[in-house]
Every structure is written in structure tokens, then in C-alpha cells.
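Colleague: Dropping the structure in here first, questions after.
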Amino acid sequence: MGMGQTPTIAVIGRGLIGSAAARHLAVSGYAPTVIGPGEPLDKRTHHGVFASHYDEGRITRKNATDAYWAEASIASITRYADIEAASGISFFSPVGALMAGDSDGAFMASARAVAASLGVSHKDLDRNGAECQFPDLSLPDNWAVLWEDAESGHISPRRLVAAQTRLAKDAGARFLDAAVSGLDVKATGVDVTVGRDVLTFDRVLVAAGGMTDHVLGRDLKYKVCARTVALFEIDEDHAARLGYLPSLVMGTPEGHYLLPPIRYPDGKSYMKLGGDPDDILLTSAQDIGDWFRSGGRADVRDDQEARFRALFPGVSVRSVAMDACMTTWTDDLRPEIAALSDRLFVAGAGNGAGAKCSDELGRRGAALVMNSIEKG
Ligand SMILES: Cc1cc2nc3c(=O)[nH]c(=O)nc-3n(C[C@H](O)[C@H](O)[C@H](O)COP(=O)(O)OP(=O)(O)OC[C@H]3O[C@@H](n4cnc5c(N)ncnc54)[C@H](O)[C@@H]3O)c2cc1C
């Protein structure tokens, strides 16, 4: 970079965190080049890279069992309305959110402590109180819920990426629809291989989700886990009646969670339940591809269906489908937002919770890059 020239920045990955980082860089005047492929047309036959946001529902809530996540979520949720208004793309359904579990267990104790310490507005309901408020919901004995009834619910991850992308483009970001196959940090810049081209940038931020270790070409740092979700098709009139239901996160060993009825691109409404009994690790790009192409695990879907029917005994289900996804974890259960060198940065590892707070995680990644430039 010569004197007076604007430094060139690439963001690798245009998922939830990458598109957020791109917006923050672009509105700060650093027109980044954002490199990454879009969603595969058919996951069952796709042989390129995969990502964790190809869906219509991600739970969003301010509270968490760890204050780190609550603070990042509060910062993001506070900006949702501005992102929606400026982009003209709505992605947030503020239906409310529940954290539920054994009233005397560690999950609820942590949730209560974080809510109290950060002043997250909520109602603490015992099982009877929760079932009166949400008559379709049937909870296990001795469960309680923390009910956030404001500025929480669910977001469409696809539409959030679209909103961030539109605003980043409006502010000068350039998008390349391609996968990166090589990265080489040199004294004078970072060489990024895209197809047959090698592009050189002053700074590179990698935000490639479950593919981050492979894009960086480093030893595996993240634990990438195969995840199955069950989708319950609900009749339209029934779905409208169930529209009052909030999102639900449960303190079970499997980490169950539930999305209320959401309309999907096939025009049908589905409730979605996730939570896996074990961690199948995906250690290579090939493993990740094979997992997505498999479409999920039928035994996990069956357990999820049993859990769903116990929670919603009166809800009639038209059909049950499943889908495959991946979550990306670190040892300390926090995202990795770090400088790997003077030129190379990373913002990754959503630890199963990175959608709701992706705008803040992307902002923090972008801030690291911009600070390194401003320091010279
Ligand atoms: C089933 C499931 C349910 C979840 N539920 C929730 C929830 O309720 N609430 C919540 O907050 N979070 C939830 N999450 C987590 C959330 O979706 C992730 O934390 C989030 O998607 C992480 O964002 P990301 O940008 O790091 O990765 P992604 O969204 O996966 O994006 C990664 C991007 O990198 C790109 N990429 C990959 N390889 C390359 C390459 N070689 N070159 C260029 N680009 C590349 C991909 O194409 C993609 O665009 C859930 C995840 C799953 C799987």
C-alpha cells in the first residue's frame, strides 16, 4: 500500500458474520471485497462449500447462560430495526423467547443470574404459569421459564444476510460469488486464490463458518459438529392460531430448542425442533460436504419428534421432514475474533449461537481490521 492509498480489504465468507463485517467496513469507508459462494441450489447434489445459515428461522433473544453472549446479542438486536429500515428487508419476528428448564437446575440458575446482572426484562414463570400463558405448551414437572416478551423471537438468517449484503453494497462493498481455495500471507500483502486468479489484499478477514480452519489452512482449532433438525409441517389455519407462540430454548442435555410456525420458501409453515444426543465431528471439507448431502440422521429426527409431541400434545402435524446443518465450536465456547498476524484476521465459531448476535460479531471483526490500519 502506497502513501495515501486506501488499503484493500477482503472478507472471506459472506454468511451471517462475514456479511455483517462487510457492512461495518463499508459504512466506515473501507470498501471491502467480499468473497464467497451463495447458497447451493440443491444441497443433496452440491459439491462446493456449505454454510450454517440456509434456513428461515434462528432464535434471537437477549438473555443467555453466559453474559458474553447476552451482551453481543443485546448490541445486535438494538440495531435490527435500523438494518431493516435502511435495507428495506425485514428479517426479525419479535414473537418473544423462552428459556426453559428444571427450575432448580444449573441452566435456569445461569439464565436468571445473567438476566439480573444485565437487566434483561423478563418474566419468571413456574410450570403452571407458563402453561396458562401458552396453553399449547406442555412442560415437564418442575420446569420453569424465563419469558422475554420484548425484542426477542426469531430472525430469518437468509434475509439477514440479504439485508447486510444490500447495505454493504450500497456503501461500496464488492461481492465475488466464488470460493477461496488458497491463502498466502506475505510481507507485502495476502494472496487469495479464487479460481484461477490470485488477488492480493492489504488485510484479509476470514469469516467462513465451519470451513474457517480449512480456508486458513491451519491445524483444526474448531470442533465442527453435525446437526439434525426436524421440521413439522403445520396446517395454515393451525399455524395462524399458533402464531402467539414464542421461540423456546431448553436446558436439556441435548440442548433442545424450538421455533414457532414459520413460513418456508415452499409456501408451507413449519415448526422446527433441534437438539442432538451426541457430537459427530466433521473434520474435513469432504466430511462437511458428505454430511450436508446426507440430509440428516433419521434416529435423531425420531427422538426430536417424540420431544415435539410431548411438548405440544394437541398440535396436529401434517408431515415431518429433517435437515442437516453444522455448528462450529471453540474450547472456551466463545467466538474467535482475533488477529492471526498484522494482515490476517478471523471472525468465526458461532458456538451454535452466532446468528442472533452476528451483527455484533461482524462489527468486532471489522473493528480489529480497521484498528490495525489506523495504527499503521
Ligand atoms: C441447526 C442450527 C440451528 C441454529 N440455531 C441458532 C439459533 O437459533 N440462534 C442463533 O443465534 N444461532 C443459531 N445457529 C448458529 C448460527 O446459524 C451460526 O452461528 C451462524 O450461521 C454462524 O455464522 P458464520 O458467518 O460464522 O457462518 P455461516 O453463516 O456458515 O457463513 C459462512 C460463510 O463462509 C462461506 N465459505 C465457506 N467456505 C468458503 C470458502 N472456501 N471460500 C469463500 N467462502 C467460504 C460460506 O459460503 C458462508 O457464506 C444454528 C445453527 C444450526 C446449524
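Colleague: Just wondering, is there one or more residues in region 158-175 that are within 28 Å of Y80 (Cβ to Cβ), over 22 Å from the mean Cα position of the chain (by Cα) and not small (G, A, S)?
Modeller: Looking for residues that are within 28 Å of Y80 (Cβ to Cβ), over 22 Å from the mean Cα position of the chain (by Cα) and not small (G, A, S), one finds at least one in region 158-175, hence yes.
Colleague: Considering only region 272-291, I want to know if a residue exists there that is in contact (Cβ under 8 Å) with a residue 60 or more places away in the chain, within 13 Å of the ligand (Cβ to nearest atom) and touching a His at 6+ places or on another chain (Cβ under 7 Å).
Modeller: yes
Colleague: Has region 254-264 got at least one residue that is at pLDDT below 95, closer than 25 Å to R318 by Cα and not in a loop (DSSP other than H, G, I, E, B)?
Modeller: no
Colleague: Just to confirm my filter: which strands (runs of 3 or more DSSP E) fall fully inside region 1-108 and include at least 2 residues that are hydrophobic (A, V, I, L, M, F, W, C) and either touching a residue at least 24 places away in the same chain (Cβ under 8 Å) or buried (at least 23 other Cβ atoms within 10 Å of the Cβ) (or both)? Let's see the steps before the verdict.
Modeller: Details: elements: 9-12, 33-35, 58-60, 97-102.
Of the strands (runs of 3 or more DSSP E) lying wholly inside region 1-108, those with at least 2 residues that are hydrophobic (A, V, I, L, M, F, W, C) and either touching a residue at least 24 places away in the same chain (Cβ under 8 Å) or buried (at least 23 other Cβ atoms within 10 Å of the Cβ) (or both) span 9-12, 33-35, 97-102.
Colleague: Restricting region 125-174 to residues that are within 16 Å of the ligand (Cβ to nearest atom) and among the hydroxyl-bearing types (S, T, Y), which is nearest to A72 (Cα to Cα)?
Modeller: Result: S152.
Colleague: To continue, here is another question. Give the residues of region 331-358 that are away from the ligand (no atom under 11 Å from the Cβ) and of a type outside the set (A, V, I, L, M, F, W, C), sorted by residue number.
Modeller: Scanning region 331-358 gives D331, D332, R334, S341, D342, R343.
Colleague: State all residues of region 145-170 that are assigned to a loop (DSSP other than H, G, I, E, B) and surrounded by fewer than 19 Cβ atoms within 10 Å (Cβ to Cβ); if no residue qualifies, say none. Write out each step before concluding.
Modeller: Step one: of region 145-170, the residues assigned to a loop (DSSP other than H, G, I, E, B) are 149-152, 156.
Correct list: D149, A150.
Colleague: With touching a residue at least 24 places away in the same chain (Cβ under 8 Å) and within 10 Å of the ligand (Cβ to nearest atom) as the only criterion, which of A208, A239, A230 stands out?
Modeller: A208
Colleague: Would you check if there is a residue in region 175-188 being of a type in the set (A, V, I, L, M), assigned to a loop (DSSP other than H, G, I, E, B), away from the ligand (no atom under 16 Å from the Cβ) and exposed (fewer than 14 other Cβ atoms within 10 Å of the Cβ)?
Modeller: For region 175-188, residues of a type in the set (A, V, I, L, M), assigned to a loop (DSSP other than H, G, I, E, B), away from the ligand (no atom under 16 Å from the Cβ) and exposed (fewer than 14 other Cβ atoms within 10 Å of the Cβ): present.
The values are calculated or read from the model by the stated rules, or taken from the named source; none is laboratory data. Model, not experiment: these values are computed from the prediction. For neighbour counting, all protein chains shown are included, and Cβ atoms are generated from backbone atoms with ideal geometry for every residue, glycine included.
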